[in-house]
Structures are given as structure tokens and as C-alpha cells.
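What follows is one structure encoded as C-alpha cells, with my remarks underneath.
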Amino acid sequence: MPPARMPAKVARTAAANKAARAGAAKAPPVARSRFSQAFGRLGTGQKMAGSKRAGSLLTLLRDTRQELRKVEWPSREEATKLTAAVVGLSAVVGIFLGGVDFVFQELFKTLIRLSGGGA
């Protein structure tokens, strides 16, 4: 009589249990922050494998130039329109904040005068 076969689900579970027992001697992985997961060793002062100090500035400049060539720069007309929008919006926000400041200034002057303080 042939040996009985285990169902696939049971076989996977048995294999997973065996793998878990084999890996039980390993230390648990170190918990890493999302920042650390995204940027790796950035800012730790540790050198990455294969990185060289000599020529790193030249490499940085070369890579930066290559990346800047990939940028799709706006046309002069588009840049002018966007600059005008930023200046206009800044002026509107400045006027609004100036008005709010003036209202609070007058409010506090009135409160001080009513409370008997002030000249």
C-alpha cells in the first residue's frame, strides 16, 4: 500500500514550522524606524560598501549635472506667470495679515484705555 499523502495546506504548515524551528536560533531583526528603512545608513556616519572618499565631490558634481539635464524646465512665459502668481499671492497675504494686525492693535488699545491703564 502506498504511503498516505498529506494535504497541501498541511504540508505547507509543516514546512513552515520546520523552517521556523531552524531559524529560531537567529536573533530577531532590529526594529527600524520608517526613516531608517527609507534612507538606510544616511546620517549614521557609516560608510556604504564600495564607497570611496577620493573623487566623491567630482562624482557628486557629475551626477548632479546629469540629473539637472533630465529636468523639464518651464518656458520663460510659464516661469513669468508663476512668478507673478507667487508675488501677487504674497502681497494679498501680506495685506490680510497687516489688516488683522491693525484690528488687534486697535482692539488692545481700546481694552487698555477702558481698563484705566495707559496714558
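The values are calculated or read from the model by the stated rules, or taken from the named source; none is laboratory data. Keep in mind it's a predicted model, so treat the numbers as computed, not measured. Ideal geometry is used to build each Cβ from the backbone, glycine not excepted, and the neighbour counts take in all protein chains shown.
One table, with the values for the structure above:
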| quantity | calculated |
| --- | --- |
| Filter result (surrounded by 10 or more Cβ atoms within 10 Å (Cβ to Cβ) and either within 42 Å of the chain's Cα centre (by Cα) or part of a loop (DSSP other than H, G, I, E, B) (or both)) within the stretch 107-117 | 107, 108 |
| Residue within the stretch 71-81 that is surrounded by 10 or more Cβ atoms within 10 Å (Cβ to Cβ), outside any helix (DSSP H, G or I) and at pLDDT 90 or above present | yes |
